[in-house]
1. Could you pull out the residue among F31, F10 that is closer than 25 Å to L55 by Cβ and either open to solvent by less than 90 Å² (accessible area, probe 1.4 Å) or not polar (S, T, N, Q) (or both)?
2. Answer yes or no as to whether A21 is free of Cβ contacts under 8 Å to residues at least 40 places away in the same chain, assigned to a helix (DSSP H, G or I) and touching a Lys or Arg at 6+ places or on another chain (Cβ under 9 Å).
3. For region 42-62, does any single residue satisfy the condition of being modelled with pLDDT of 80 or more, under 29 Å from T18 (Cα atoms), part of a loop (DSSP other than H, G, I, E, B) and within 30 Å of the chain's Cα centre (by Cα)?
4. It is to be established whether one or more residues within region 74-94 are of a type in the set (A, V, I, L, M), modelled with pLDDT of 90 or more, assigned to a helix (DSSP H, G or I) and loosely packed, with under 10 Cβ neighbours inside 10 Å.
Amino acid sequence: MKALVRAFYFVPVIGWLTKDAVHGTPEAKYFFAANMAVLLIGAIYLVGYPLVITLALLGSAAGLSGLVLLTAPDAFDLRSSQAVAKAPAPPVRKAPQAGKAPMAGKAPQARAA
């Protein structure tokens, strides 16, 4: 992996900017971000609206993938699914019989004001 990173640093302009942002002064990160923003604006000016749509679709796909990655471990946790499967089933509740009133023989009570 280190060899790939070092090889990327030798790529003209982009590699040099990246190397300076990683190993340079603290301000170099901000200059790198500004240069990338200018390159993005220039690419949008050159290509136009299709690039904006493509970037929006890529961003929404990345956001959805991030949400799936954050929430998927809960769905596939083997320890919790085994504990639920081994738990006893709750008792079955019986439905009330037809014809019997639940309050048979009791008069409704009046509320005190």
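1. Numbers: F10 fails: closer than 25 Å to L55 by Cβ.
Answer to the check: F31.
2. Details: free of Cβ contacts under 8 Å to residues at least 40 places away in the same chain: yes; assigned to a helix (DSSP H, G or I): yes; touching a Lys or Arg at 6+ places or on another chain (Cβ under 9 Å): yes.
Criteria met by A21.
3. Quick first cut of region 42-62, residues modelled with pLDDT of 80 or more only: 42-62.
Pick out the ones that are also under 29 Å from T18 (Cα atoms) and you get 42-62.
Now drop any that are not part of a loop (DSSP other than H, G, I, E, B), which leaves 48.
Subsequent filtering for residues that are within 30 Å of the chain's Cα centre (by Cα) retains 48.
Checking region 42-62: at least one residue is modelled with pLDDT of 80 or more, under 29 Å from T18 (Cα atoms), part of a loop (DSSP other than H, G, I, E, B) and within 30 Å of the chain's Cα centre (by Cα).
4. The initial filter retains those residues of region 74-94 that are of a type in the set (A, V, I, L, M), namely 75, 78, 83-85, 87, 89, 92.
Adding the requirement that they be modelled with pLDDT of 90 or more leaves none.
Scanning region 74-94 turns up no residue that is of a type in the set (A, V, I, L, M), modelled with pLDDT of 90 or more, assigned to a helix (DSSP H, G or I) and loosely packed, with under 10 Cβ neighbours inside 10 Å.
The values are calculated or read from the model by the stated rules, or taken from the named source; none is laboratory data. Everything numeric in this text was worked out from a predicted model, so none of it was measured. No Cβ is skipped: glycine too gets one built from the backbone with ideal geometry, and neighbour counts run over all protein chains shown. Side chains are part of the model used for accessible areas, which takes the heavy atoms of the whole protein and leaves out ligands, DNA and RNA. Shrake-Rupley method; radii C 1.70, N 1.55, O 1.52, S 1.80 Å.
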